[in-house]
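Since the structure comes first, as structure tokens, the remarks are kept for the end.
No value in this document is a laboratory result; all are computed from the given coordinates. In this text, all values refer to a predicted model and were calculated from it rather than measured experimentally. Note that each Cβ is placed from the backbone with ideal geometry, even for glycine, and that neighbours are counted across all protein chains shown.
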Amino acid sequence: MENLVSNIPVIQNRNPVNPRRILNNSVGLNAVNNPADVLQIQNYLNALGYPVQTNGSIANSQTDNTIISILNFQANNGVQVTGIINPNDQTYNTLKQLNGASVSLSEEFDESLHQPFITNSFIFRRNAGNANTLNVIFEGDSWLDYPVPRILDLYDTITDHNQRLNLNCLHLAKFGETTSQMYADKANFVQYISGYRIDRIYFSGGGNDVFPQLGRILNPGVTLFDASFFTDAAKLNELKSMSSGDSLYQKCIQYKRYLNTTAFDAALFNTVNLNGIFTVIMRNYLGFGSIINAHSTPNTIFYMHTYDYPLFKLGVRPSIVGVDLPLGPWIKPVLDRLGITDEILKAYIIIRLLDKFYALLLQIKNHFNYYGYRFQSRIIDYRGLLNSSEYWRDEIHPNSGGARRLSTRVNF
């Protein structure tokens, strides 16, 4: 697979057609690549959500979208990874069977399937030495690795938003991981940052440390929003006059400057437990920072993000084609168990937690600066950007439109 032969496309058929039932020639890397056969395979891959152009042509290189999608399909389905499909071989039969039984999970036309690590890392290594590429490691949780295939997440939209920079990306994120799990599972991170020129690191971590432990973070006994928690009675009365829903949550975000944070924090949060969780998060961020510092240059940039306020779809679980997955919800059950039904109180619990998390990231960034870490650091502040239920997929994850909206703040 190191010696590639250039194939000149014979035909450019821009109109996708229904694939034929029989594959006559091989398709893929160093294959026959008859245009009609290529188009059949492209349509099969496209129907399963793989990013291919259905044009009947292949450039015989491992940067060709069709060949990359063949590699990914083989790795995803336990087929020998060769980058080639032959008539009636295992790859072709699996591809045809899945097309016959496939259920569309499409949200829009911009579907996504992340490359499995075996192909993603292979392509990253092949391109990492190119002077004109920007090498980027993405490490983190479900904001970069949403647990439903063919759904855009922030990894997809950030890379798309910055595609003009000729990105070469290594995707290490795993949904559901805490920062401690990421740090314990850091072998690939260490291998690639120590072995290759890494220009950017984008890190998403902390949400899984905080929200699954919400029951330990909140004090019991406070079920209503007390007037002493607000510094402007007229503004509070305005909030109380509103029905639950997007408008109320938007106004709560707008009026957060009137929150008496001292009184509110003392009443609502178990400071010992919350500080303990934040201490663990900070220790893990600093651990990654030390690894980056050992192998970085002043041109390396480490990005951290805040998450946004998950107010707008409390209680909604991740789902596929309307069927709930056994994931979450993470916030509403805890609030229900504590008897917290006051919408204003719910809103400010969430707002205050996310604002505290921003302050933690700022403390981490200041640590890097104070101790002279060689790399640059950036905090991407997403708070208040997804200010409508139209941007959220479930309780804590943005949908494709929300992810695209967030990505506009990330400029590598």
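Among 307, 50, 196, the largest mean-square fluctuation in a Gaussian network model of the chain (Cα springs under 10 Å) belongs to 196. Between the helical axis of 65-76 and the longest alpha-carbon principal axis of the chain there is an angle of about 70 degrees. Running Debye on the range 209-320 with equal point scatterers at the Cα sites and no solvent, what base-10 log of I(q)/I(0) appears at q = 0.11, 0.16, 0.23 Å⁻¹? Debye intensities relative to I(0), on a log10 scale: -0.57, -0.99, -1.36. Would you list, by chain and number, the aspartates and glutamates whose Cα falls below 12 Å from the Cα of residue 240, excluding same-chain residues fewer than 8 positions away? Partners found: 226, 342, 343. Summary of packing: across the peptides 225-236, 138-149, 339-350, the per-residue average of other C-beta atoms within 10 Å ranks them, highest first, as 138-149, 339-350, 225-236. Across q = 0.11, 0.14 Å⁻¹, the chain modelled as identical point scatterers on its alpha-carbon atoms has Debye log10 I(q)/I(0) values of -0.88, -1.24, in the order of the q list. If you take the Cα centroid of the range 332-393 and the Cα centroid of the range 122-168, the two points sit 24 Å apart. Short-range pairs are left out: with C-alpha atoms under 8 Å and at least six residues apart, the relative contact order of the range 173-256 is 24 percent. Judged by the mean number of other Cβ atoms found within 10 Å, the most tightly packed of the peptides 170-182, 71-83 leads the ranking 170-182, 71-83.
For the set 256/346; 174/332; 313/346; 251/313; 251/365, the pairs lying more than 21 angstrom apart at their alpha carbons are 174/332; 251/365.
Within the chain, DSSP assigns beta bridges of which about 25% are antiparallel (rounded to the nearest 5). With only the Cα atoms considered, the range 325-364 has a convex hull volume of 90 Å³ per residue.
Within the range 340-412, the proportion of C-alpha pairs whose separation exceeds 15 Å stands at 67%.
Considering Cα pairs under 8 angstrom that are at least six residues apart, work out the relative contact order of the chain and quote it in whole percent. Kindly include the intermediate steps, with their values, before the conclusion.
Values: 659 pairs, mean separation 59.8, N = 412.
Relative contact order, the chain: 15 percent.
So how strong a dipole does the chain carry about its Cα centre when Lys and Arg Cβ are +1 and Asp and Glu Cβ are -1, to the nearest 20 debye?
I would put it at about 560 debye.
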